[in-house]
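Visitor: Attaching a single structure in structure tokens format; questions to follow.
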Amino acid sequence: MKAPLGTFVHARSGDKRGDANLGLWVAHDGSPAYGDRVSWLLELVTPGFVRSLLPEAEGLDVEVFALPNLGGVNVVLHGLLGLGVAASTRFDPQAKALGEWARSRHVEIAEGLL
């Protein structure tokens, strides 16, 4: 079913010069589905998925680093902020809201993970 990515995925985001950094993880909340949720997230988040989830990433170099022991991934969106915070004309020049924007987007989630 379609549901917000943030249904059980948490996020933190920010900037490193002109690059945006996005961390996504599944909280250890005692859910029996934790392991399956982590596996789902690790399989789901690819550079192509990030570009489709966040349209402003289209055409950018996107790197995804799996962090299975932490239950998540780290995503680097190269050039999202242009020349950096001081030169960016984006509404969110430091990419602080990028994580919440990603969490708000609807994705296909198997009902067993909910």
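Visitor: Listed residues G48, G99; which is in a helix (DSSP H, G or I), modelled with pLDDT under 95 and out of contact with any His (no Cβ under 7 Å at 6 or more places or on another chain)?
Guide: Step by step, each of G48, G99 is checked, and only G99 is in a helix (DSSP H, G or I), modelled with pLDDT under 95 and out of contact with any His (no Cβ under 7 Å at 6 or more places or on another chain).
Visitor: Here's another thing I want to ask about it. Looking only at residues that are in a helix (DSSP H, G or I) and not aliphatic (A, V, I, L, M) in the range 56-80, which one is surrounded by the most Cβ atoms within 10 Å (Cβ to Cβ)?
Guide: Among them, the one singled out is E56.
Visitor: Just the residues that are surrounded by 14 or more Cβ atoms within 10 Å (Cβ to Cβ) and more than 14 Å from G99 (Cβ to Cβ), please, taken from the range 42-55.
Guide: Of everything in the range 42-55, those that are surrounded by 14 or more Cβ atoms within 10 Å (Cβ to Cβ) and more than 14 Å from G99 (Cβ to Cβ) turn out to be L42, L44, T46, P47, F49, R51.
Visitor: Another one. Report every pair of residues separated by at least 6 positions or lying on different chains whose Cβ atoms are under 6 Å apart, first residue within the range 1-22 and outside any strand (DSSP E or B), second among the basic types (K, R).
Guide: L5/R103; L5/R105; G6/R103; F8/R37
The values are calculated or read from the model by the stated rules, or taken from the named source; none is laboratory data. Quick caveat, the model's predicted, so the values are computed rather than measured. All Cβ positions, even for glycine, are placed from backbone atoms using ideal geometry, and neighbour counts span all protein chains on display.
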